[in-house]
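Input: a single structure, listed below in structure tokens.
The values are calculated or read from the model by the stated rules, or taken from the named source; none is laboratory data. If you're wondering where the values come from, they're calculated on a predicted model, not measured in any experiment. Cβ sites come from the backbone with ideal geometry, for glycine too, and all protein chains shown count toward neighbours. Only protein heavy atoms, including side chains, enter the accessible area calculation; ligands, DNA and RNA are left aside. Shrake-Rupley method; radii C 1.70, N 1.55, O 1.52, S 1.80 Å.
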Amino acid sequence: MELIKVSKPFIDSKEVEEVSKVLLSGQYVSGKKVKEFENKFADYIGVNYAIAVNSGTAALHTSLAVLGVGPGDEVIVPPLTFFSTVTSVIHQNAIPVFADIDIDDFCLNPLDVQSKITDKTKAVIPVHLWGNSAKMHELRNICEKANIFLIEDCAQAHGTSYRGKKVGSLGDIGAFSFYATKHMTTGEGGILTTDNEEWANCARMIRSHGMSGRDDHIVLGYNYRMNEIAAAIGIVQLEKLDYLNLKRIDNSKYILDNLKSNKPEWCVLPILNNEIEHTFFWCPMLIDEEKLGMSTADLVKKLRRLGIETRHRYNTPLYNQKILNDGSNPKLKSRRYYSLSFTNVEKIIGKVIGLPNHADLKTEELDYIIETIRSI
Ligand SMILES: *Cc1c(COP(=O)(O)O)cnc(C)c1O
């Protein structure tokens, strides 16, 4: 059997046609494709405004800049996520403050977030990790009481909903990525979602050199614009998103439900919460290494030899990353991030893998994955 890939992009002649049209039109930036994509994405998420940018990191950075997060402000983040959730805070000269996660959803633990709030805290960035949703009801209450902003990192949760509302509409601003491996892609790209008109206008300025007019630079901006070619791809991808998510969900549930009935002792299956429509960016499985008698890294290699590619990432708690601890930024050095240790993070770090679940998998391939796991 050919290697079963863990993810793949879904591009067909429709995207190719739309890109060709843009290329031949001669208008590559600030045109009608970006506007159309923004309107459609805002409708899809259920917010008033969407502002397209050129990466998920740019979306996070712009969100923080829009909300006025600046030098010395503290922003609470999870230690288990892609690192740019953290670097976007540092780029604003603000201080990342880590809080523990929960084992049931791998997302921020609201009680621990509460305990990390100080009079310097300006925002919390929950990450909806691997297609799940963080506990937004609790987080929202905490942020409202403390009068701090709630920025959702939705880079792994396009279409995920929590109590019937899509993530990206639950906080003050949502930030999405359209990087090649995400639920939908524009090659590179990102978008902010919000109901607040003033923030939307400010985000539009920040993404385009802080300009209010052709020659007027009134805020510190960047070149974070999404181009028309990317937006044309995004419009087609957005049309496919629900279908692709449905297949992702079905494939993940097929694997997990089948495993449930006759599961090797070393597999710990995810706990699903019926208030959340999980979109399974990953089909996650926690590994009990003691029962398996093998490290997760070795399991990943073994599965690969058996023809199954898996995801295995964020294997270092982010508070141990070199750049936070090497003294290159004295303000960060004094935080002694390396001395942190969070119970739940340390319990699961490096021990979660993501199984293949993309829309193109055939039933035989899903059955092969199930049988292979049972045989180990
Ligand atoms: C992918 C990702 C980002 C960054 O998005 P880019 O488009 O790669 O800049 C941020 N946060 C999380 C959780 C991600 O998965």
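Out of all DSSP beta bridges in segment 87-244, what portion is antiparallel? Express it as a percent rounded to 5.
Values: 10 of 16 bridges.
Bridges in segment 87-244 are about 60 percent antiparallel.
Rounding to the nearest 20 debye, state how big the charge dipole of the chain is about its Cα centre with +1 on each Lys and Arg Cβ and -1 on each Asp and Glu Cβ. If you can, show how the numbers build up before the last one.
Values: 44 positive and 47 negative charges, 132 e Å.
Using only the charged Cβ atoms, the result is roughly 640 debye.
Arrange the residues Leu23, Leu139 by how much accessible surface each exposes, largest first, with a 1.4 angstrom probe. Provide the component values of the computation, followed by the final result.
Working: Leu23 85, Leu139 0 Å².
The residues order as Leu23, Leu139, largest area first.
With all pairs of different alpha carbon atoms counted, what Kirkwood hydrodynamic radius in Å does the chain show?
After inverting the mean inverse Cα-Cα distance, the result is 21.4 Å.
Could you please put Arg335, Arg163, Arg214, Arg248 in sequence from largest to smallest accessible area, using a 1.4 Å probe?
Reading off the accessible areas and sorting them downward yields Arg214, Arg163, Arg335, Arg248.
Give me the dipole magnitude in Debye, nearest 20, for segment 1-45 about the Cα centre, with unit charges on the beta carbon: positive for Lys and Arg, negative for Asp and Glu.
100 debye
Return the Rg/Rh ratio of segment 137-286 with Cα-based radii and a Kirkwood Rh.
1.06
What percentages make up the Cα-Cα pair-distance distribution of segment 240-318 when the bins are 10 Å wide from 0?
15, 44, 33, 8, 0
Would you mind telling me the share, in percent, of accessible area of the chain contributed by carbon and sulfur at probe 1.4 angstrom?
Working: 8190 of 16510 Å².
Here carbon and sulfur together make up 50 percent of the probe-accessible area.
Under a 1.4 angstrom probe, counting protein chains only, how are Arg140, Arg304, Arg225 ranked by accessible area, largest first? List each step's numbers first, then the result.
Working: Arg140 85, Arg304 125, Arg225 60 Å².
So the residues, ranked largest to smallest area, are Arg304, Arg140, Arg225.
Taking Cα pairs under 8 Å and at least six residues apart, what relative contact order does segment 246-376 come out at, in percent?
Relative contact order for segment 246-376 comes out at 38 percent.
Looking at this model, which pairs from Lys116/Lys165; Lys291/Lys331; Lys8/Lys331; Lys21/Lys182; Lys135/Lys247; Lys322/Lys347 are more than 32 angstrom apart at the alpha-carbon?
Details: Lys116/Lys165 27 Å; Lys291/Lys331 42 Å; Lys8/Lys331 41 Å; Lys21/Lys182 25 Å; Lys135/Lys247 25 Å; Lys322/Lys347 21 Å.
Table pairs above 32 Å Cα-Cα are Lys291/Lys331; Lys8/Lys331.
How many percent of DSSP beta bridges within the chain run antiparallel, rounded to 5?
In the chain, DSSP labels about 65 percent of beta bridges as antiparallel.
Rank-order 336-346, 126-136, 307-317, 80-90 by packing density, defined as the average count of other C-beta atoms within 10 Å over each peptide's residues, highest first.
126-136, 80-90, 307-317, 336-346
With +1 on the Cβ of every Lys and Arg and -1 on the Cβ of every Asp and Glu, and nothing else charged, how large is the dipole of segment 115-154 about its Cα centre, in debye rounded to the nearest 20?
Values: 6 positive and 5 negative charges, 26 e Å.
Computed charge dipole of segment 115-154: roughly 120 debye.
Relative to the compact globular guide of 2.2 N^0.38 Å, what is the alpha carbon radius of gyration of segment 262-376, as a ratio?
Details: Rg = 17.5 Å, N = 115, 2.2 N^0.38 = 13.4 Å.
Working it through for segment 262-376, the quotient is 1.31.
Write out the trypsin sites (Lys or Arg not before Pro) in segment 1-99 meeting two conditions: DSSP loop, and at most 14 other Cβ atoms within 10 Å of their Cβ.
For trypsin sites (Lys or Arg not before Pro) across segment 1-99 that sit outside H, G, I, E and B with at most 14 neighbouring Cβ atoms in 10 Å, the list reads Lys5.
Arrange the peptides 99-110, 323-334 so that the one whose residues have, on average, the most other Cβ atoms within 10 Å appears first.
The packing order, highest mean first, is 99-110, 323-334.
At 0.36 nm per residue, minus the direct Cα-Cα distance, what do Glu290 and Arg163 gain on full extension? Give it in nm, one decimal, please.
Details: separation 127, 0.36 × 127 = 45.72 nm, distance 3.64 nm.
Gain on extension, Glu290 to Arg163, equals 42.1 nm.
5 Å is the cut-off here: which amide hydrogens, built 1.01 Å from N in the peptide plane, fall below it relative to Asn109, excluding neighbours closer than 5 in sequence?
Result for Asn109 returns Asp100, Ile101, Asp102.
Calculate for the chain the 222 nm mean residue ellipticity that helices alone would give, adding -39,500 (n - 2.57) per DSSP H run of length 4 or more and normalising by residue count, nearest 500 deg cm²/dmol.
Calculated mean residue ellipticity at 222 nm is -12000 deg cm²/dmol.
To the nearest µm²/s, what D does Stokes-Einstein give for segment 60-199 at 4 °C and 1.567 mPa s, using the Kirkwood radius over alpha carbon pairs as Rh?
88 µm²/s
Report the accessible area of Met1, computed with a 1.4 Å probe over the heavy atoms of all protein chains in place, in Å² rounded to the nearest 10.
So the heavy atoms of Met1 present about 150 Å² to solvent.
Starting from the Cα of Met1, step 7 Å along the direction of its Cβ; do the same at Arg305; then give the gap between the two resulting points in nm.
About 1.7 nm separates the two model spin labels.
Using a 1.4 Å probe, how large is the accessible area of Lys322, given in Å² and rounded to the nearest 10?
Roughly 150 Å² of Lys322 is accessible to a 1.4 Å probe.
Run the numbers for Thr363 and Tyr243: contour at 0.36 nm per residue of separation, minus the present Cα-Cα distance, in nm.
Between Thr363 and Tyr243, full extension yields 41.5 nm more.
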